[in-house]
Amino acid sequence: MGLMQLFKFKGGVKPATNKAQSVTLPIAKAPLPSVVAVPLHQSIGGTPRPLVQVGDKVLKGQMIGEADGWISAAVHAPTSGTVREVGMYAAAHPSGLLTDCVVIEPDGEDRWIERQRVDYKALPPEQVRELLRDMGVVGLGGAVFPSHAKTQASRSVPMEELVINGAECEPYITCDDLLMRERAAEVVKGIAIFRDLLQPKKVLIGIEDNKPEAAAAMAEAVKAAGEDFQVVSVPTLYPAGGAKQLIRVLTGKEVPANKRSTDMGVQCFNVATAYTAWRALGHGEPVISRLVTLTGNVAEPRNYEVLIGTPMDELLAIAGPKPDTDGIIMGGPMMGFLVPEAKAPVVKATNCLIAHSPALFPPKAPEMPCIRCGACAQACPHELQPFQMYWFARAKNFGKTQEYNIFDCIECGCCSFVCPSRIPLVQYFRFAKSEIWARERDKKAADGAKTRFEFKQHRDEREKQEKAEKLAKAAAAQAAKKAAEAAAAAASEGAPAEVAAPAAPLATGPGDTPAGPAAAPLSPEEAAAAAKKAAIEAAMARAKALRTQTQPQNTDNLTPAQQQEVADIEARRARLREIAKTELVHADAPPAATAPAAPAAPADNSDTSEK
Amino acid sequence: MLIAIAIMALGAVVLGAALGFASVKFKVEGDPLVDKIEAILPQTQCGQCGYPGCKPYAEAIAKGEADINLCPPGGAEGVGKLADLLGREAKPLDGVEKPPQVALIDENTCIGCTLCIQACPVDAIVGAAKQMHTIVESLCTGCELCLPPCPVECITMEPIQETVDTWKWKYPVVELKRVA
Ligand code: SF4
Ligand code: SF4
Ligand code: SF4
Ligand code: SF4
């Protein structure tokens, strides 16, 4: 406990600590529960992907949910057993809604996977971070932010202080206190991991001065480990255990809401997080249990080592809740919440369960109007103006609450604690914050919908245009063809006698001629097939001839001069076609004659008529 | 007297020119009122307002052709915001407000006709001819436009369930008596 200059944060309150009840007994191991329900999403960031299916046998410590992305942390089976369900289960959440869980029925053997301790000092830091993520190490102070993602110093600012948070300022909670008293050596080893990753100039362990035993144990462990960490007693003042407040007290630095603490050369971890980091690397044990304070309206308040996933009601029963217990508070009385569903499982964020009773927490008298006394502003550790935020949150004027920096509020509850009008200020702020988030989500969705709608319209427009262009092209081609046909017809009309006469023999001719000579040398089947083919071709030729005859022609009512002109043009074309055709015929084998035969007919005719 | 008139006239000319210049120089692209109205509309693009999308409705409101209470997805809150923006009287919604919903394709019944894809205004449906189709839930605005074209009626609307992530703290007043 070095003599160092401490700073002060603004505001703060001194509620009754109620910690003495639960520190008299050492940490005990909670018995194996009848069922464990492990929520997949237990940290800030991506929801882990389940790795097991119903019916799978799992071992204690086996990964059952794989981290999804960098800001995410794996989850593991807290004991050996059989997976009974992968699906929705009550969540440890104020909403009382369900969340994705892996429900395991323990087999009672509590059999571990093969645990591998690693010499993290021999590994590159990147790999150590990955290991921490895959071991499910997250901030156990309550924020459950994946720890590995906090072990990267800022590129531009050198790391100065590593702050280790053992303040534990919230009333009733003593799990960090007991952890430091009983397992200080391993906490120190865990701190060394974070120190090695971040390489700060100094390490400061902040402990509130109402925990002298813990501070002494830590100081001794630091000495025994030969480390140069400083154990610092900080004044007991709620919320000294808030990360920003502790950083302020120990370093004098103010971390603004929009900045990461590493941007200020400082980082903060909870003592329990350090402990689990060491268990993960030094013992190969992923985070499958944590210390939970059972206190409040119970016969024997005490700290237990509890498997993650243990149903809260089952756990609280160990401490012997008194008959008038009517609820469970998860967390402390300042920042915790009444658990709507008692069978909700203990999660990594569960540091304390308080048995609630009307005697212990008498219902507040009704809210009175704000008298603008300013007590809340004086108590606020973030120097906000709670009465202003309250005013606008109450009026649902959320834009204004943001102008008063509602997102800097850490929901510590100091303002509600001091308010003489008993206004539940924090609840208004939570309400306003979640409304603002919802609005932002809606706005984002609406913007996305608008963009996609506009894109679709644009695409439809483009497609329509392309189609129109294609149609226009096709129509143009059709028109050209028609014109050609019309011209041909006109030309033939110029010599109607010849057209009518040769058309018939030519149409049938090709059918007869090839079939005739072919029939002799070929087998009967082939002959039949050939005959059939010829018949079809003949029919097609006939149909074509018919069509040219019956189709209305735009050359029907032309003056003789015009007809002559059309005929001239057609004759020239026909000659060209004739030239092309003779070349084609020469190049092709004789049977091909059937193909050019029909079109050749009028050509021949017009040619001769020309001559 | 004459000089005074001349000065005033000159002033008028100079200021007029300045104003004219400013109006050209600082011309606002698009119609800011339409954009503001459109920002309030929910972009569901359902056409329930009688216009082929939110933007046309916004334009109609801006022109004074349409009333402000025609958008059911926007709900009473939307009407209120429009009334605030336009300085008009808020009025009850002309239509029924529904809880937020998404469309769901029964994938066993879907015949892969692609008709719903063409109907969806926001490209929230994926699929190909004769292949099973599905709806990307996060993109679906719940406009119901895909329901009528489906020849096998395999699309249904499902209300969006609240999750732990989308859950909202309630307005405190009601809770007061229950909480510690
Ligand atoms: S403490 Fe309560 S009464 Fe006083 S200003 Fe704040 S909100 Fe109003
Ligand atoms: S709950 Fe928010 S507003 Fe109230 S004292 Fe704490 S930080 Fe300040
Ligand atoms: S009713 Fe509302 S959401 Fe639907 S198109 Fe009209 S403005 Fe858009
Ligand atoms: S999927 Fe159906 S309901 Fe959803 S946005 Fe598209 S058309 Fe509308």
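The values are calculated or read from the model by the stated rules, or taken from the named source; none is laboratory data. Fair warning: this is a prediction, and the values are worked out from it, not measured in the lab. Glycine also receives a Cβ, built like all others from the backbone with ideal geometry; neighbour counts cover every protein chain displayed. Accessible surface is based on the protein model in full, side chains and every heavy atom, while ligands, DNA and RNA are left aside. Shrake-Rupley method; radii C 1.70, N 1.55, O 1.52, S 1.80 Å.
Remark: spin-label model distance A:GLN465-B:LEU115 equals 3.0 nm, labels positioned 7 Å along the Cα→Cβ axis.
Looking only at other chains, what is the average number of their beta-carbon atoms within 10 angstrom of each beta-carbon in B:131-143? Could you put the intermediate results ahead of the total?
On the way: counts 0, 0, 0, 0, 0, 0, 0, 2, 4, 2, 7, 0, 2.
Average neighbour count from other chains, rounded to a whole number: 1.
Ranked by the mean number of other Cβ atoms within 10 Å of their residues, highest first, the peptides A:266-277, A:174-185, A:443-454 fall in the order A:266-277, A:174-185, A:443-454.
Taking Cβ atoms as reference points and 10 Å as the exclusive limit, the residues near A:MET334 contribute a net charge of -2, counting Lys and Arg as +1 and Asp and Glu as -1. Taken as entire DSSP H runs, the helices of chain B that both span 27 Å or more between Cα atoms along their own long axis and average 0.0 or more on the Kyte-Doolittle scale are B:2-25. Pull out a ≥ b ≥ c, the square roots of the eigenvalues of the alpha-carbon gyration tensor of the protein assembly as shown, then state rounded if a/c is under 1.5, prolate if not and a/b is larger than b/c, and oblate in the remaining case. Verdict is prolate for the protein assembly as shown. Remark: the B:LYS130-B:ALA76 segment gains 15.3 nm on full extension, using 0.36 nm per residue and subtracting the alpha carbon distance. For region A:20-356, the relative contact order comes to 24 percent (Cα pairs under 8 Å, sequence separation of at least 6). Residue by residue along B:159-170, Cβ atoms of other protein chains within 10 Å of the local Cβ number 6 on average. Along region A:71-83 the Karplus relation, 6.51 cos²θ - 1.76 cosθ + 1.60 evaluated at θ = phi - 60°, assigns HN-Hα couplings of 8, 5, 9, 5, 10, 9, 6, x, 7, 7, x, 10, 6 Hz to successive residues, with x for each Gly and Pro. In terms of the Cα gyration tensor, with a ≥ b ≥ c the square roots of its eigenvalues, is region B:33-86 rounded because a/c is under 1.5, prolate because a/b exceeds b/c, or oblate? Rounded, since a/c falls under 1.5. Here the Karplus curve 6.51 cos²θ - 1.76 cosθ + 1.60, taken at θ = phi - 60°, turns the phi angles of region A:165-170 into couplings of 9, x, 5, 6, 8, 5 Hz, with x standing for Gly and Pro. A DSSP coil position with no more than 11 other Cβ atoms inside 10 Å describes the following trypsin sites (Lys or Arg not before Pro) in region B:1-94: B:LYS27.
In region A:169-253, Cα pairs under 8 Å separated by at least six residues give a relative contact order of 36 percent. These residues, B:ILE160, A:ILE329, go from largest to smallest accessible area, 1.4 Å probe, as B:ILE160, A:ILE329. Classify region A:20-356 from the C-alpha gyration tensor, please: rounded if a/c falls under 1.5, else prolate or oblate depending on whether a/b exceeds b/c. Cα axes put region A:20-356 in the oblate bin.
Length gained on full extension, A:ALA438 to A:GLN378, computed as 0.36 nm times the residue gap minus the Cα-Cα distance: 18.6 nm. Using alpha-carbon positions, what is the distance between the centroids of region A:119-175 and region A:269-326, in Å? Cα centroid of region A:119-175 versus Cα centroid of region A:269-326: 20 Å apart. Pairs of Lys residues in region A:405-469 that lie 8 or more places apart, or on two chains, and have C-alpha atoms under 29 angstrom apart add up to 9.
Mind jotting down the distance between the C-alpha centroids of region B:125-151 and region A:331-378, whole Å? Centre-to-centre distance over Cα atoms comes out at 45 Å. Close amide H contacts of A:GLY296 (hydrogens built in the peptide plane, cut-off under 5 Å, sequence separation of 5 or more or a different chain): A:ALA355.
Placing a label point 7 Å from the Cα of B:GLU97 along the Cα-to-Cβ direction, no residue of region A:425-465 has a backbone N closer than 12 Å. Other protein chain C-beta atoms within 10 Å of residue C-beta, averaged over B:40-46: 5. Quick check on the protein assembly as shown: of the DSSP beta bridges with both residues there, what percent are antiparallel, nearest 5%? Of the beta bridges lying entirely in the protein assembly as shown, close to 65 percent run antiparallel. Take the Cβ atoms of B:ILE5 and B:TRP167, set R0 to 41 Å, and the FRET efficiency comes out at 0.05.
When each of the peptides A:333-339, A:149-155 is scored by the mean number of other C-beta atoms lying within 10 Å of its residues, the order from highest to lowest reads A:333-339, A:149-155.
So what's the net charge close to A:LYS201: Lys and Arg +1, Asp and Glu -1, counting the other residues with Cβ under 15 Å from its Cβ?
Working: positive: A:ARG195, A:LYS202, A:LYS253; negative: A:GLU160, A:GLU161, A:ASP196, A:GLU227, A:ASP228.
Neighbour charge sum, excluding A:LYS201 itself: -2.
The phi torsions of region A:251-260, fed into the Karplus equation with coefficients 6.51, -1.76 and 1.60 and a -60° offset, translate into couplings of 10, x, 8, 9, 8, x, 4, 8, 10, 7 Hz, rounded to whole numbers, with Gly and Pro shown as x. Once the Cβ-Cβ distance of A:ALA257 and A:LYS456 is raised to the sixth power relative to R0 = 41 Å, the FRET efficiency obtained is 0.55. Grab the other residues whose beta carbon is less than 13 angstrom from that of A:LEU98, score K and R as +1, D and E as -1, and report the net. Counting the neighbours of A:LEU98, the net charge comes to -4. The calculated FRET efficiency for the pair A:LYS533 and A:ALA561, based on their C-beta separation and a Förster distance of 41 Å, comes to about 0.35.
Counting only residues at least eight positions apart within a chain, or on another chain, the lysines with an alpha carbon under 29 Å from that of A:LYS202 are A:LYS8, A:LYS10, A:LYS121, A:LYS150, A:LYS189, A:LYS211, A:LYS223, A:LYS244, A:LYS253, A:LYS259, A:LYS348.
The mean sequence distance of close C-alpha pairs (under 8 Å, at least 6 residues apart), as a share of the length of region A:18-138, puts its relative contact order at 26 percent.
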